[in-house]
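To start, the structure itself, in structure tokens.
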Amino acid sequence: MVRTVVAGLDGSPESRAAAEWAAREAKLLGLPLRIVHVREPVPDPLAQAPLLGPETQQHWSERVPREAAEGLRLRHPGVEVTTEQVHGATADALIRAAEDAELLVLGSRGMSGLGGFMVGSVGLAVVAHCAQPVVLVRAGEQAADEHRDDPAGIPSAATPYRPVLLGLDAAHPDGTVIDFAFEAAARRGTGLRVLHGWNLPPYYVYGLAADAQLHDEIVRQQAALLHEAMRPWRQKYPHIEVTEESPSGSPGIRLVDAARDASLAVIGRRIRRSPFGAHIGPVAHAVLHHCTAPVAVVAHD
């Protein structure tokens, strides 16, 4: 089966922004784009309502992906775009639709005034249980947002890409997540910024105020840990410029701040075998809710 990029579309502005991002990524990957619209079951009393009869609902649910696909073909020539309508609970249907996909792309609502976006229950459920990488794109995302400003300081999609940002736990690096970030940087012809945030153990806190040397030694240890973790991938991807950073402080906050200058933020999610709940970890939770760049969540063992 030919692998595809899958985008979930429900007609909302955030899902349309996600479909546009998915089309751009499909072109970089040289893969087809599949637009998936989920039609959830409607309770009988609502289905028979005059303004929401079966024919009206079917017309609307078929029209939205069809018109979206037509627009995407015009704006992204060379990308094969198909549509598919599936039935069932939205999160479960999207996860099933993405089983043979290269990645799944979803939209998230913008949070005015907070500079990030809101991930709803469907998005969290998909991220928590989907085996394929899931990319979340905020409403209003434009191609120019992923590129550096032009010499006049004006946003432009014709300038080089901003670097890809990788959030990494240097003590437990996972190759699946790291490879995904390097490949994303390679497709964009840009560098990779690797950030390993860390917090001091509680029992160090009081002693550090009186022992600056101890603090400096811990900083050196964390930097060395990150450098050693990245060594095999520097050798595997010698053409990618890598910047390593290991600041102290909340990893989630550090990643959100760093993502302001990123074309894509990449984080990992440990696979949980329990089918219940949507546990994604505090760092991923912070990044998903407040990061302004598109966020790729890559599942790993």
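For Ile271 and Ala223, FRET efficiency with R0 = 22 Å and r from the beta-carbon atoms, rounded to 0.05?
After rounding, the FRET efficiency stands at 0.15.
Which residue, Leu264, Leu214, Val194, has the largest displacement toward the positive end of the dipole of the range 145-301 when charges sit on each Cβ (Lys, Arg +1; Asp, Glu -1)?
It is Leu264.
Can you list the residues, at least 5 places off or on another chain, whose amide H is less than 5 Å from the amide H of Leu264, using H built in the peptide plane?
Leu165
Per residue of the range 173-189, what does 6.51 cos²θ - 1.76 cosθ + 1.60 with θ = phi - 60° give for ³J(HN,Hα)? Whole Hz please, x for Gly and Pro, Karplus curve as stated.
Per-residue couplings from phi come out as x, 10, x, 4, 5, 5, 4, 4, 5, 5, 5, 5, 5, 5, 4, 8, x Hz.
Enumerate the calculated ³J(HN,Hα) couplings along the range 285-301 in order (Karplus 6.51 cos²θ - 1.76 cosθ + 1.60, θ = phi - 60°), each rounded to whole Hz, writing x wherever the residue is Gly or Pro.
Karplus values, whole Hz, x for Gly and Pro: 4, 5, 5, 5, 8, 10, 6, 7, 7, x, 10, 9, 9, 10, 6, 8, 6.
Coordinate-derived values only; no laboratory data. Predicted model only: the values in this text are computed from it and were never measured. For neighbour counting, all protein chains shown are included, and Cβ atoms are generated from backbone atoms with ideal geometry for every residue, glycine included.
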